[in-house]
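Structure first, then comments.
The values are calculated or read from the model by the stated rules, or taken from the named source; none is laboratory data. Quick caveat, the model's predicted, so the values are computed rather than measured. Every residue, glycine as well, gets a Cβ built from its backbone with ideal geometry; the counts of neighbours run over all protein chains shown. Ligands, DNA and RNA are stripped out before the accessible areas are found, and what is left, the full protein with its side chains, is counted by its heavy atoms. Shrake-Rupley method; radii C 1.70, N 1.55, O 1.52, S 1.80 Å.
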Amino acid sequence: MKKTINIPYGSQHIALLEPVRFQFETQNEKIVGVKADIGYVHRGIEKACTSTFEYKQIPSVVARVCGLCAITHSLTYVMAVEQIIDVNVSEKAKYLRMLMVELDRIHSHMLCLSHTAENAGYEALFMQIMADREIIMDIQEAISGNRVQFDFVCIGGVNRDITDEIVKFIIKSLNELQPKIEDIFDMFENNWSLSLKYKGIGAITKENASIYNALGPLARAAGLETDVRAESDYYPYEKIGYKMILEQTGDIYGRNRVRLREILSSIDMIKNILCDIPEGNIIEKVKGKPNGESVARLEAPRGEIFYYLKGVKQAMLDRVRTKTPTFSGIPAMVEIFKGQEYGDVPAILASFDPCMSCTAK
Amino acid sequence: MSWFLALFAPVFGTLVSGIDRVVRARMQRRLGPPLMQPFYDMFKLLDKRPMMVHKLHIVLGVMHFMALWASIALFMFGGHLLYIIFTHLLSVIFLILAGYSVRSPYSHLGANRELLALFAYEPILILMAVGFYLTCGSFEVSVITSNSPAIVSMPLMFIALLILLPLKLKKSPFDAPEAHQELCGGVEIEYSGFFYEVIYVSKMTEIIFVYALVFLFAGQNILLGIILVTGSFFLVNAVDNATGRIRIDHLVKKVYATAFVLALLALGWISYV
Amino acid sequence: MKKIETNSENLKDDISAFYDYKIWHYITVNGVDLGDKMEIQYLFKKYGNKEEVVCYFLTMDYEKEIPSIVSIIPSAYLGEGEVVDMFGVKIKEIPKGLLLEEDSCQAPLRKAQ
Amino acid sequence: MFEKFRKKSPWILHYNAGSCNGCDIEILASLAPKYDLERFGIINTGNPKQSDILLVTGPVTLKSRERLVELYSQMPEPKVVVAIGVCTCTGGVFRKMYNVKAGVDRYVPVDVYVPGCASSPDQIIDGVVQALAILEEKSKDIEKPKRLFGELTNNSIFTNRREMAKKIKHEKN
C-alpha cells in the first residue's frame, strides 16, 4: 500500500493571496483527492444589502465584494436596478463604463499572469509583469482618482467625466504597453522551463468544461464558446471590434494564451472606444422606488457575473443575489486537480485566477 | 591562511549571498536590499525567541551545520577530495533526517525532494573526484591546487559542474527542494529563532563549498580561478532570472540526461587520451 | 427572464427533461423569502444566445425538504449549499456549513425571525 | 545588543482575514519593482515561525479568526501587527454585518493602523516603516492574543513551556 500524505494548502499560504483551504491527499506527490473549504471570506453582504443600505448606496457596497473586479460588481448591480426603475443611460456613459471594464480586465489579467509566473518559480517574470501593470494602474488613477476601489459607476451613469488630456495620456500609455505585452507573450510562448511547467498541465476537456459549468478564460481555453460580451446587446461591443478569443488546449498554457490575447484585444477596443466617444450627459436623474424582479449579467475578468434583484416599492430592496464567476468555477477546479502532481498545484491554482472574496461574499 | 579561510567561510558566504541578492534585484529592475542585508538578517535571528518542536530537530540542524563546516575546513586544509564530498553528503543527510523528524507534511515533502536531488548530484560529484584523480594523480586538494588547471584536460566535467550549480545553490530552474511557493522552504520550515540561524548560515556556507569546487578547476592559476568563479556566479544568476522552477521528477531526469552523461564522457575522454 | 413553475415532486423530472449540458448553462440556485414561504429558483442561460435566462421556480414551506439536483447537474452542490446555509431550508444530502460557522447567525436571510 | 538590527531585517507574514483583495493586491504591488519593499530588507516569508511583521487585511470573519490568532501565537517575539485598510482597522463598510466583528484589534494587539480603501502602496510602505520603529522598542516578552480563547495558558502552540510557567507564576504574585 502506498503511503498517503495529506497536505493542507491554505488558509494561509505564501502562494495564496486569499484564504481558501484545499486539503490534498497525495501519494508520491500525485493528488488522489481534493477537498475545498471556501467560506473564509463570508461577510454577509447580501444581508446587508437588504437590511442596512438603501438601493442607491449599494453600488459602493457591492464593490467591496471584491477589489479586483469591483467595477463589474457595481456595474452589474446598477444595470439590474436600471432595468427595474426604467432609467435610460446615455451613450456616453455606456462608453465610459465599457472603458473602465476593459481597463479592469487588463489589470486583472496581468495580475493573474504575474501570479502564475511567480508560482511557477519564475520571479523575474513576476517582477516584469508587475512593473508593466503599473501603467494601467496609473491610467485608472487618472480617470477615477483611485488605484483599486474606484466607485466610478452610479445609478443613471458614471461619476466622473473624461477630459481630452486624459484621453491623450491613455493613448500614449497604451502604445507604450502594447510592445511590452508582446514581449511577455513571447516569454510565455518560448521559455523552456515554462513550457515544462505549463504545457499539458492542469488540462480540462471541452466536454468536462461544459458539464461542470466552467466560465470565462477557464472555459474559453478549452474551446467552450461562452462570453457575455457576445451574448448581450446592452453594450455596443460589436461596434468597437470585439472578437471572442478561443484556445483548444485547456491547460495552463492555453489559459495564459487566452489572457494575453484578451489583453491585446482589450487594448485595441479601448483605443476604438476613445476614438468614438459620443457627446452627451454622463449622469441621468433617478426617481422612483424599485418594484419587481430583474437579472443582469456582465463579463468580468474571470467570467460571468450575475445579479438577481427583487424590489417591493421601498428604498430597501427585498433580495439581492450575487453569483460570481469563481463560485461557478470551483467544481471544475476540484475536478482538474485530481491526478496532477503536487508540485504543479500553485501554478494551476493561480492560472484559475480564483477570487475567494467573490465566492463567499 | 587556510585557518583563516576555514574559520571565516560562513562570513564570506554571507557576503557572497549579499552580492547575489543585489545582483538579482538589479537584474529584475529593482533597487534591491543593502549589500550587508544577510548579516542584518543573521543578527536579527539571534535576537528572536526560538520556538522549536523537539530537541532532536535542533541537534540534527546543528549537526548539519557542523558537518558542512567540517567539509569546508577539510577543503581549505587541502584534504582528501573524497572525504570532503562524503562529509558534505553526511551534512545533507542530517538535514534530511531533520526534515523527517517533524510531523509537518511540508517538511516531509521537502526532505523527500532533498533526497531525490541528492541522488541526482552525488554521483556526478564522485565522478568529478575521479576525474581529478585521473588528471592530477591524487585525490588531495593540495596536490590538485598545485597542478596545472584541470579545466584544460576536462572541460566537459566543468560544464557538468555548472549544471549542478543552481541545484546546490537552490536557484531556479533546479530549486524544487526548497520551493518557496509550494513548500515554504521545505525542510527548514519548522526552524525558528536562533536555530533557524544555524540553517541560514549553513545555506551561506554551502555557497562557499560550491564555489570552492569551481575554483578547484583552475589548479594553481589563481587568476583563472577568480575568473571562473565570477563567470559562473553571473551565469547562475542570469539563468535564475530567465527560468522558472521545474518539477522534481523533471529535475532528476534532466540532471542525469545532461550532467551525468557529460561527466561520463569527460572520464572517457581522459582515459582515452 | 422566462419563469416556469414546478413543484418539489416534479422538480427532478422537469429539470432532467430540460437540461442538456451542451445547450444550457446552469447559472445558480437562488432563494427568495416571500414572508411565510420560500421560493427556490433554478436559473439557466443558453450558450451563444442573446439575453435568454430561464428560471424554474418552486414555492415551499420552511420545514419541508426538497430533492437535490446534484445527480443531474454535478456542480449544483455549491449553489444548493449556499441556499441551505442562508435560509435554513432542507435539501436532501446537502450538509450545512459551507459558509457559516457554528456560532454565527443561522439562516441570516430568512425574514420571519 | 542586537536590537538595532531588528529594524533592518523585518520579514513579513501576510494574512487575509476576509478582505476584498484590494489591499492584498496593493501589498503585492508594493513588493514589485515600482515600490520595491525589499530595499528595506523586507522579505515575504509566508512562514509564521520566521517572521516579524504580521500584515492583516480584512475585517476578521468568524471563520478566519481562529487562524488569525493561531498565526499570531506561532510568531516568535518580538513581533508587530500592522492592520491594513479601513475595514481592518474598524470594520469599515462591513461593520455590523452578521459574520464579522468590527476590526482586527478585538483579537490581536495592533501596533500600526493603515487607513485607506484600498490603502495605496505609499501608505502601506509608510505603515511598515513606522512598524519598524516600534519593532526596535519591543521586548522579548510574550504578548497574548485577546478574548477568543480567554487565557492562552495550556495551549500547545507555546513550545517553550518553562518560560510560560514562569510568566504565569509571576502574574499570580
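Quick look at the numbers
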item: Under Karplus coefficients 6.51, -1.76 and 1.60, residue-wise ³J(HN,Hα) of the range A:56-64 in Hz, glycine/proline x; result: 7, 8, 5, x, 7, 7, 5, 4, 7
item: Two-decimal log10 I(q)/I(0) for the protein assembly as shown, as the Debye equation yields it once each C-alpha is a single scatterer, q = 0.06, 0.07, 0.09 Å⁻¹; result: -0.45, -0.60, -0.96
item: Rounded Å value of the spacing that divides the Cα centres of the range B:13-80 and the range C:11-45; result: 60 Å
item: Between 0 and 90°, nearest 10: helix A:325-337 axis offset from chain A longest Cα axis; result: 10 degrees
item: Crossing angle, helix C:77-87 versus chain C [Cα axis fit, 0-90 degrees, rounded to tens]; result: 40 degrees
item: Whole-angstrom Cα spans of the range C:39-78 along principal axes, big to small; result: 39, 21, 14
item: Size of electric dipole in the range D:55-122: Cβ of Lys, Arg +1 and of Asp, Glu -1, about Cα centre, debye, nearest 20; result: 380 debye
item: Most to least accessible of D:His14, B:His180 (protein chains only, probe 1.4 Å); result: B:His180, D:His14
item: Rounded accessible area of A:Asp132 (nearest 10 Å², 1.4 Å probe); result: 0 Å²
item: For C:Gly31, distant residues with modelled amide H under 5 Å away; result: C:Gln41
item: Options A:Ser114, A:Ser173, A:Tyr77, ranked by Cα towards positive dipole end of chain A, top entry (Cβ charges); result: A:Tyr77
item: Neighbour-limited loop hits for trypsin sites (Lys or Arg not before Pro), the range A:262-344 (at most 11 other Cβ within 10 Å; DSSP other than H, G, I, E, B); result: A:Lys285, A:Lys287, A:Lys313
item: Residue-averaged [θ]222 nm for chain A, counting only DSSP H segments that reach four residues, each worth -39500 (n - 2.57); result: -15500 deg cm²/dmol
item: Simple label model, 7 Å out from Cα along Cβ direction - C:Cys105 to A:Glu91, nm; result: 4.6 nm
item: Antiparallel DSSP beta bridges within the protein assembly as shown, percent to nearest 5; result: 70 percent
item: Chain B: DSSP helices with Cα axial extent of at least 30 Å and average Kyte-Doolittle hydropathy no lower than 0.0; result: B:55-76, B:105-136, B:193-216
item: Cut-off under 5 Å, modelled amide H: who pairs with A:Val89 long-range; result: none
item: Solvent-accessible area buried by A and B, counting both chains, probe 1.4 angstrom, square angstrom; result: 2500 Å²
item: Test item: B:18-29 mean partner chain Cβ contacts at 10 Å; result: 3
item: Heavy-atom surface of the protein assembly as shown, accessible at 1.4 Å and reported per residue (Å²); result: 36 Å²
item: Bins of 5 Å, starting at 0 and running to the largest distance - Cα pair percent for the range B:2-272; result: 1, 6, 12, 17, 20, 18, 14, 8, 4, 1, 0, 0
item: Potential extension, C:Tyr47-C:Val70 segment - 0.36 nm per residue separation minus Cα distance; result: 6.2 nm
item: Along each principal axis, Cα extent of the range B:3-140, largest first, Å; result: 49, 38, 31
item: P(r), alpha carbons of the range A:211-251 - 5 Å bins starting at zero, rounded %; result: 6, 24, 27, 19, 15, 7, 2
item: Under 5 Å, built H, 5+ apart or other chain: amide partners of A:Leu298; result: A:Ile305
item: Alpha-carbon centroid distance for the pair the range D:2-22 / the range B:110-168, whole angstrom; result: 41 Å
item: Charge-dipole axis of the range B:2-272 as Lys and Arg at +1 and Asp and Glu at -1 on Cβ define it, positive-most pick from B:Ala263, B:Ser142, B:Leu46; result: B:Leu46
item: Karplus-derived 3J(HN,Hα), 6.51/-1.76/1.60, for each residue of the range A:188-195, Hz, glycine and proline x; result: 5, 6, 10, 5, 5, 5, 5, 5
item: Unmatched cysteines, chain A - criterion: no other Cβ of a Cys under 4.7 angstrom; result: A:Cys49, A:Cys69, A:Cys112, A:Cys154, A:Cys275
item: Mean shadow area of the range D:23-82, taken as a quarter of the surface of its Cα convex hull (nm²); result: 4.5 nm²
item: Cα-based Rg of chain A normalised by 2.2 N^0.38 Å, two decimals; result: 1.00
item: Distribution of pairwise C-alpha distances over chain C, 10 Å bins, in %; result: 14, 46, 31, 9, 0
item: Lys, Arg +1 and Asp, Glu -1 on Cβ, resulting dipole of the protein assembly as shown about Cα centre, debye, nearest 20; result: 1560 debye
item: Charge dipole magnitude, Cβ of K and R +1, D and E -1 - chain C, Cα centre, debye nearest 20; result: 460 debye
item: Folded to 0 to 90 degrees: helix A:123-144 orientation relative to chain A principal axis, Cα; result: 10 degrees
item: Kirkwood estimate for the range B:121-273, i.e. one over the average of 1/r between Cα atoms, Å; result: 16.5 Å
item: Signed unit charges on C-beta, dipole axis of chain B, positive-most listed residue B:Ala242, B:Ala73, B:Thr87; result: B:Ala242
item: For the range A:48-173: Kirkwood Rh in Å [reciprocal of mean 1/r, alpha carbons]; result: 15.8 Å
item: Whichever lysines have a C-alpha closer than 17 Å to that of A:Lys168, once near sequence neighbours (fewer than 8 apart) are set aside; result: A:Lys271
item: Average other protein chain Cβ within 10 Å of Cβ, residues A:104-116; result: 1
item: Rounded Å value of the spacing that divides the Cα centres of the range B:198-220 and the range D:75-100; result: 45 Å
item: Cα-based shape type of the range D:1-111, given that a ≥ b ≥ c are square roots of the gyration tensor eigenvalues and the cut on a/c is 1.5; result: oblate
item: Mean residue ellipticity (222 nm) of chain B, computed from DSSP H runs ≥ 4 via -39,500 (n - 2.57), nearest 500; result: -23500 deg cm²/dmol
item: Accessible area in the full protein assembly, largest first, 1.4 Å probe, for D:Trp11, B:Trp3; result: B:Trp3, D:Trp11
item: Sum of -39500 (n - 2.57) over DSSP H runs of 4+, divided by residues of chain C (222 nm, nearest 500); result: -5000 deg cm²/dmol
item: Simple spin-label estimate for B:Phe119 and C:Phe18 in nanometres, 7 Å along Cα-Cβ; result: 5.6 nm
item: Cα shape, the range A:1-120, gyration tensor, a/c 1.5 rule; result: prolate
item: Area accessible to solvent at C:Ile4, 1.4 Å probe radius, in Å²; result: 50 Å²
item: The range B:2-272: relative contact order in percent, alpha carbon pairs under 8 Å with at least 6 residues between; result: 27 percent
item: D:Glu66-B:Leu265 FRET efficiency (beta carbon distance; Förster radius 56 Å; 0.05 resolution); result: 0.45
